[in-house]
Every structure is written in C-alpha cells, then in structure tokens.
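To keep things clear, I will list the structure first and then write my remarks on it.
The values are calculated or read from the model by the stated rules, or taken from the named source; none is laboratory data. On a predicted model such as this, the values are computed, not experimentally measured, just so you know. Cβ: placed from backbone, ideal geometry, glycine included. Neighbour counts: every protein chain shown.
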Amino acid sequence: MKLANWYSLKRSTAPVFWLAVGIVAVLAAIGLGSALQERQAATLFGLPATWSYALLILPGLLFLLVEWVLNRMNRRER
Amino acid sequence: MDSVNPSKAGFALVTACILFTIIVYTMEKIGVPRSYGIGLSAFFALGLWAVAAFSGGTTRARRFLLADGSVNPAIAATALGCAVTLPVLFSDGGLLAAANPGLLVCLAGAVSSGLALSALLVSRRFNAAGQSDLGEYLFRRYQSRLPGRLMAPAMALALVLLMLPAIAAATRLASWYFASSPLATSVAIAALVALSAILGGLYSATRLGAVAFVVLLISVNLALLLLVLDTGGFPVGQLSVGSNAVEPMWDLEDQLRSLGIARLAGVLGGAAGFQALGADVHIAAGITLILGLIAFPPALHLYASCAEPQRAGRVAARGMAASAFFTLSFFAFLMFAGFGFYQTMLGLPVSEARVEAPVLYSWSHHQPPLITVCGKAVVTPDGLMEACNGGGSHIVDTGDLSIAGGLFAVAAPDLNGQPLAITALLATSFLLVLIAIAGFQALAAANTITGAFYATKKKATGSRRVFWNRLLATLLVALATYAGSGAPDGYEPLLLGFSLIAATALPALLVSLYLPAFGKVAVSSAIGAGFAVTLLFFILSTVGIDLIAGNGDEIAVSLFGLTGPLPGSLGGLYGLTAAIAVLATTWLAANLGPLSKIGPKIAPKIARGIAPEIAPEIAEGRREA
C-alpha cells in the first residue's frame, strides 16, 4: 500500500513544507523561550523588532514567497 | 461576476465614501445636530449593503453555490481579506492595542501565515476539485457519505462559534452608535446577516465582502492620515508608527507609571481574561489560528469560485496581502489614537475640556456611555464642571476617565478631536465588515451541511439545495444571535471555532488532497477523533465532568513550552494531534499489522465485484488494490 504520491508532492509543494516547518519552528522557539524565561507578553512583544516582523516583514516576505512558488507551479504545469 | 468592473466599482465606492464624509463634515460644521449625521450613516451603511447584497441576488444554483465559477480575482481577494479580518477587528481590537498589543500583533502574524499556507497547500487543488464546500467535496473524493456527514456538524458548530462574536460585536456597536435598543438592534443585525447569506449565496456574499473591506480600508486609512498629520512627521503612518507614536507613548506611559497616574490600558473597561494570559498562551492561540485558517471554509468557497486553479492561488496570495495591509494600518491607527488620546486629555482643566474635548459629554446618552468622568456619565458641557470634586479648576487626569473598551477603536477619532464624519465612516465600515463576515460564516456552514446531507442524494436538485441552504443559514444566524447575546468574552468562541476547524477540516482536507493511500475509514476516524477530543478537552477544562463551572473538577493540562495550563478553547491542538494519531494508527494497521495480511487477500475479491477487468492484475500483484 502506497502512503502517498511523494513524487508529485515533492514536485509541487516542496517549499511549502519548509515554510511550514520554519513558521512552526520560529513560533515554537519564541513560545518555549518566553516560557523558559517567564517573560510576559508586554516584554516579549514590546520589542519594535517583533512588531515590524509580524506586521510588515512577515506578510511581505510571505507574499513574495507565495507568489514565487505559485508562479513556479503555473510554469511547470504549462 | 465578470460583469462588475473592479476598477470602476472601486472608484465609485471611493467617491461615495468621500462624498459621505464631506456631507457629514459639512452638516457638523453648519451646526446640524450630530444625530442627523448619525442617522445619515445608517442610510449610507444600508445603501452600501443593499447595493452589494441585492444586486447579487440570484435563484440559480451554480451562481448561488459557486458564483458561476468565474469570480473576478480582485473581488475575491478583497472578499477574502474581509473574511479573515475577524480575529483582528472585532470590537476588542481597540482594547487589544492598549491593553495587550502583543496579542494583536500575534493574531495579525498568524492570519498572514495561515493564509500563506492556505494559498500554497489548498487553494489550487481545492479549486481543481470543483466543489464549493467540504461536505460535498469529501463525498465526491471518497464516494462515501460518511466523511462529509461527520464533517458537516463539526463545521456547523465551528462556524456558528465564529459567527457568534461577529454578530455580538456588530450588535453592541450598532446599539451604541445609533442609540437603539439592544433587542431591536440584535434582530436587525441578524436579519441583515441572514439576508447577506441567502439573497445570492456566494455571489452576493463575495460582493458584500469586497465592498465592506474597501470601505474599511478607506475609513481606517483616512482616520490614520488625519491623526498622523496632527502629530506631524512622516505622513505615512504605517511606516512612522514606531518612531512617532509607539516610542513617545511608551516614554509617556513610563512617566505616568512613575507618577502613579493611570495609563490607557487601565482606563479602558471590559478587559477580557484571555488578554491577561502570557505570551506563550497567545502564541498557542496564534498556532491554532494558523492551522484553522489553512482549511477555513469561507476561504475554500472563494477558492472554488475562481475560474481556474491558477486564479485561486492568486486570490489567496492577494487576499493575504490585503489582510496584512489592513492589519498594519489598523495597528498604526490605534497606536496614533492612543498617543493622541494622552495629548488631548492630560493636563486639561475641566473648564477648557468643555470646549476642547466635547467627546467627554457628547456620547453620554448612548448606551453604554462611551466615557465616564469621575464615575459619572456627563450629558451637558456644564455637567463637566460638577462631575469632579475640584469644580472648574479640576485638572483632568486619565484616572478620572473610564472608556468602554470595545468602543475605543470606533470612537478613536472623536477621542482625538477629529470630526464626527470620520467616526461615522469608521462605524459604517466596521458594521458592514462584521455583517459580511457573519454572512460568510452562515453561508459556509449551510453549504457544508447541504453538501453532505442533501447533495449526496440521487434525486438532489440545485434549486432544492439552494432552498435548504437558505433555510439553514437563517436558522444558524438565529442560533448564533441568541447564543451570542450573553457572551462575555468573544475570544473563547472565536478560538474554539478555529480549534474545531484545525482538528477536523485541516487533517481531512490535507489527507484528501495529498495522501491518496488513506481511505474513507481513516479520514472519517480522524475527523471523529479530532472533533471529539477538541470538544472533550474544552468541556473538561472549562466546566469539568459534572458540567458545573468553578467547583474544582476542571482539568488543567499544559502543553510543552507553556508555563500554565492550556485554555480549553485551544483544545484543537490536542484534537489535531489525536486526528494525526488516528491516521498514523490506521496506516500502521494496514501496512504492518494483521490487516496488512488480510488486505492483499480480500482485495482481488472486492475488485472482482466492482471492477472484474482489473481483478487478475491485482491478484498477481501487477496492480495496486
């Protein structure tokens, strides 16, 4: 019994998994780090870097990445 | 849908908003009572709603369910931006920015990440499948009614939970802004939400979502621009928010703290319990939101309505960009508004406040009063002189004030001395967006149920399905309105709704799109396990096994990395784990356990019954079962 069509999965969505793994890893690291240091929300998110990351850089990078991956998928299909 | 030219429609919408703002501004300046401006905004909101919803009214099933499968990508992307705004926007948005900006930032990042993953993993493949909802999609995919019929109740519950805070927030806002009775307002809002969902289905809901989101972007950015111009400096508030609002406000708040003067967070009433939890719990909420948004049913409907998979991907990516732009603007607006509030109020003698800060008395006859001074809702300018002990010479201190927290965002322009026109435009846009969001949820819930229970029948017809959809959407809206009327904290239903989606729809959708080895039994078991574990965790951790809250039998289970127990509404993280565990067990049983030996033996026999021509190949191992 074949678990999945890994070849097709790899061809079409390889960057997606790294993106997902990256996001989860970053969030888990922040969560774990904050838990270990007993930081409160005010100090953790009080950093302008966190704000600009979540509100400006993250969406911008994600948009560029998603557009790039979708364009690659479209070109491959054609 | 292609008959709408997005550029022309957008231009008309911008013109209408500007005209409305100018008219209300002029009315205020020439001395027309404020209630006329407020009344005009009711007509403006109703007009925009009617243009979008009624012009999209239809009786054609394909148009109702799939918007003819030819929706314009720009309109769909804007509507998607609207559909995912709920976690950031709904009434506590203003409260969040002051009390816990971290949570607002965390939710905003989660919305972007969730939509990005949805764009890449789901949008194109779901569009290629050709169904509008998860119920019918799972039936067509597995040729079995079981997965869809397990999914439908879970999705209906999740979407009603998501509708609940949207309808409650819209009712609170409208009841306050129009000074109407809560009961009548709640009935009116429920009627508007139900009509948004049933008049034209996806066709009208998409239009309404796009219109509402454009008005929201205009209102927030206009309010932001005026606040930034007041502060001075670089006029693009989205970029200058850090140096021109956040840092000066924090410096000021540090000084206030050392002087023992109340800060904005303490002035805003109605802080919910969830906001006070630690950053680790907020990140767990963000992860739940990401997971739920990947398989968010309204987004799936919008993907399905695109003409081709490529367009669906583009819609998802642009919807994410639109949502991110709104969140950034909204955050900047709230920060500038918070800083401006201090500048307006601090050190103001009561005698001057009568002229400089009319907001202190102008909304007092609305319920709840926007602001109380020294514990009193002041109705007239002269009333201010008697409100506090010092009389006219009393200096207003933030500790004297108490603001209804859920109304801070919409009243921020008024609190900063801006014209009523800006508050009116903001209130109109918030109302439209909340109605459009709830309409999307109602439509998606009804579609999933009819897709699973009606479209799977042999004699099903499109027109009859539309009828059932309309009936169900109306009932679900009524249910959500009734249930939401006494809900104290909007976050619990919101997060539980996303938890249920993450634990049921997400594994089922990803497995059906990417893992063909898993059949209907595995997927159905995963849906059942995810649903049951999420609900069970919620019940056990909020009320306990005896269903009585606060008697000490509630469970407190932590998650790796958390300092405290996981709130019950985030049980989707355990639900998803259970669903994955069930899938893994099914696979192991089929491949490694006794079933793996039985499978190859019975496969040729089954194949002989349903496809005799390939049975010999299966028996000889030349073809997979």
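With the structure loaded, tell me whether B:Ile261 is in the same structural domain as B:Asn447 (by TED's automatic domain parsing), in contact with a helix residue (DSSP H, G or I) (Cβ under 8 Å, 6 or more places away or on another chain) and within 30 Å of B:Met151 (Cβ to Cβ) or whether it fails that test. So that I can check it myself, show each step before the final result.
On the way: in the same structural domain as B:Asn447 (by TED's automatic domain parsing): yes; in contact with a helix residue (DSSP H, G or I) (Cβ under 8 Å, 6 or more places away or on another chain): yes; within 30 Å of B:Met151 (Cβ to Cβ): no.
So B:Ile261 does not fit the description; no.
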### Task
Give me a count of the residues in segment B:371-397 that are out of contact with any Gly (no Cβ under 8 Å at 6 or more places or on another chain) and outside any loop (DSSP other than H, G, I, E, B).
12
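In this structure, does B:Phe139 turn out to be touching a residue at least 24 places away in the same chain (Cβ under 8 Å), farther than 27 Å from B:Ala409 by Cα and hydrophobic (A, V, I, L, M, F, W, C)?
Details: touching a residue at least 24 places away in the same chain (Cβ under 8 Å): yes; farther than 27 Å from B:Ala409 by Cα: yes; hydrophobic (A, V, I, L, M, F, W, C): yes.
In short, yes.
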### Query
Does B:Leu227 satisfy the criteria of being away from every other protein chain (no Cβ under 14 Å), over 24 Å from B:Ala316 (Cα atoms) and touching a Gly at 6+ places or on another chain (Cβ under 6 Å)?
yes
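Residue-wise test of (1) assigned by TED's automatic domain parsing to the domain that holds B:Leu202; (2) part of a helix (DSSP H, G or I); (3) crowded, with 23+ Cβ neighbours inside 10 Å; (4) touching a helix residue (DSSP H, G or I) at 6+ places or on another chain (Cβ under 7 Å).
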position	(1), (2), (3), (4)
B:Phe274	yes, yes, no, yes
B:Gln310	yes, yes, no, yes
B:Ser323	yes, yes, yes, yes
B:Ser329	yes, yes, no, yes
B:Pro369	no, no, no, no
### Query
Taking B:Leu256, is it more than 12 Å from chain A (Cβ to nearest Cβ), within 20 Å of B:Ser429 (Cβ to Cβ) and out of contact with any strand residue (DSSP E or B) (no Cβ under 8 Å at 6 or more places or on another chain)?
no
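Here's the yes/no breakdown for (1) of a type in the set (S, T, N, Q); (2) surrounded by 24 or more Cβ atoms within 10 Å (Cβ to Cβ); (3) farther than 22 Å from B:Ala53 by Cα; (4) in the same structural domain as B:Ser364 (by TED's automatic domain parsing):
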site	(1), (2), (3), (4)
B:Glu136	no, yes, yes, no
B:Tyr142	no, no, yes, no
B:Gly148	no, yes, yes, no
B:Ala154	no, yes, yes, no
B:Leu157	no, no, yes, no
B:Ala174	no, yes, no, no
B:Ile198	no, yes, no, no
### Scope segment B:1-24; condition surrounded by 17 or more Cβ atoms within 10 Å (Cβ to Cβ), part of a helix (DSSP H, G or I) and among the aliphatic types (A, V, I, L, M); matching residues
B:Ala9, B:Leu13, B:Ala16, B:Val24
### Message
With the requirement that a residue be at pLDDT 90 or above, assigned to a helix (DSSP H, G or I) and among the charged types (D, E, K, R), what does segment B:128-173 give you?
### Response
B:Glu136, B:Arg140, B:Arg141, B:Arg149
## Note on the structure
Within segment B:118-130, the residues that are buried (at least 24 other Cβ atoms within 10 Å of the Cβ) and facing chain A (nearest Cβ under 9 Å) are B:Ala119, B:Leu120, B:Leu121, B:Ser123, B:Arg124
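For (1) surrounded by fewer than 24 Cβ atoms within 10 Å (Cβ to Cβ); (2) β-branched (Val, Ile, Thr); (3) in contact (Cβ under 8 Å) with a residue 40 or more places away in the chain; (4) not assigned by TED's automatic domain parsing to the domain that holds B:Ser362, each residue gets a yes or a no:
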{"position": "B:Leu432", "(1), (2), (3), (4)": "no, no, yes, yes"}
{"position": "B:Gln441", "(1), (2), (3), (4)": "no, no, yes, yes"}
{"position": "B:Phe467", "(1), (2), (3), (4)": "yes, no, no, yes"}
{"position": "B:Thr474", "(1), (2), (3), (4)": "yes, yes, yes, yes"}
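Looking at B:Ala166, B:Ala174 in this structure, which one is over 16 Å from the mean Cα position of the chain (by Cα), in contact (Cβ under 8 Å) with a residue 40 or more places away in the chain, away from chain A (no Cβ under 14 Å) and over 23 Å from B:Thr59 (Cα atoms)?
Numbers: B:Ala166 fails: over 16 Å from the mean Cα position of the chain (by Cα).
After applying the criteria, what remains is B:Ala174.
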### Message
B:Leu293 - would you say it is within 23 Å of B:Thr372 (Cβ to Cβ) and either touching a strand residue (DSSP E or B) at 6+ places or on another chain (Cβ under 9 Å) or within 14 Å of another protein chain (Cβ to nearest Cβ) (or both)?
### Response
no
#### Entry: In segment B:484-536, the residues that are assigned to a helix (DSSP H, G or I), small (Gly, Ala, Ser) and within 25 Å of B:Val281 (Cα to Cα)
B:Gly484, B:Gly497, B:Ser499, B:Ala502, B:Ala503, B:Ala505, B:Ala529, B:Gly530, B:Ala532
